[in-house]
Amino acid sequence: MRKRYPGGMTLTQWRRTPFRVKHRLVGIAINNHFGYWRDCRDARCRRARSCRDHECYWRRLAALPSFDDQMRVRKKAGPWKELLWIGSALGSEGRMQY
């Protein structure tokens, strides 16, 4: 079975994962897709060539100069946002979405 979900999970594993863990894994997947590890201030991310901080996306988004740039990045991150709701029922209240 192909592993198509963040963290190398299958659909069954992804559905059973708690929302907070999913949120972190989706954040890391977005960071790696955009290549944020290349100029990350954390040397561990640059050495591993993979971002380890799921909140890096939010810091980068807030630093963008215009609202249009922010919306462009959010639109590109849209498919990952949909992954959060597969099998999620509780724990999602009040969390920021990508």
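Read-outs throughout are calculated quantities, based only on the coordinates presented, and are distinct from any laboratory measurement. On a predicted model such as this, the values are computed, not experimentally measured, just so you know. Cβ atoms come from the backbone with ideal geometry, glycine included; neighbour counts cover every protein chain shown.
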For the chain, list the cysteines whose Cβ sits under 4.7 Å from no other cysteine Cβ? C51, C56
Once R15 and E55 are pulled to full extension, the length gained, defined as 0.36 nm per residue separation minus their Cα-Cα distance, is 12.1 nm
Take K76 and F34, extend 7 Å from each Cα along the Cα→Cβ direction, and tell me the distance between the two endpoints in nm. 0.8 nm
Length-normalised contact order for the chain - Cα pairs under 8 Å, 6+ apart - percent: 31 percent
Show me, for the stretch 75-80, the HN-Hα J-couplings you get by feeding each phi into the Karplus relation (A = 6.51, B = -1.76, C = 1.60, θ = phi - 60°), rounded to Hz, glycine and proline as x. 5, 5, 8, x, x, 6
What does the C-alpha gyration tensor say about the overall shape of the chain? Classify as rounded when a/c is under 1.5, otherwise prolate if a/b is larger than b/c, or oblate. oblate
For the chain, size of Cβ-based charge dipole, Lys and Arg +1, Asp and Glu -1, in debye: 420 debye
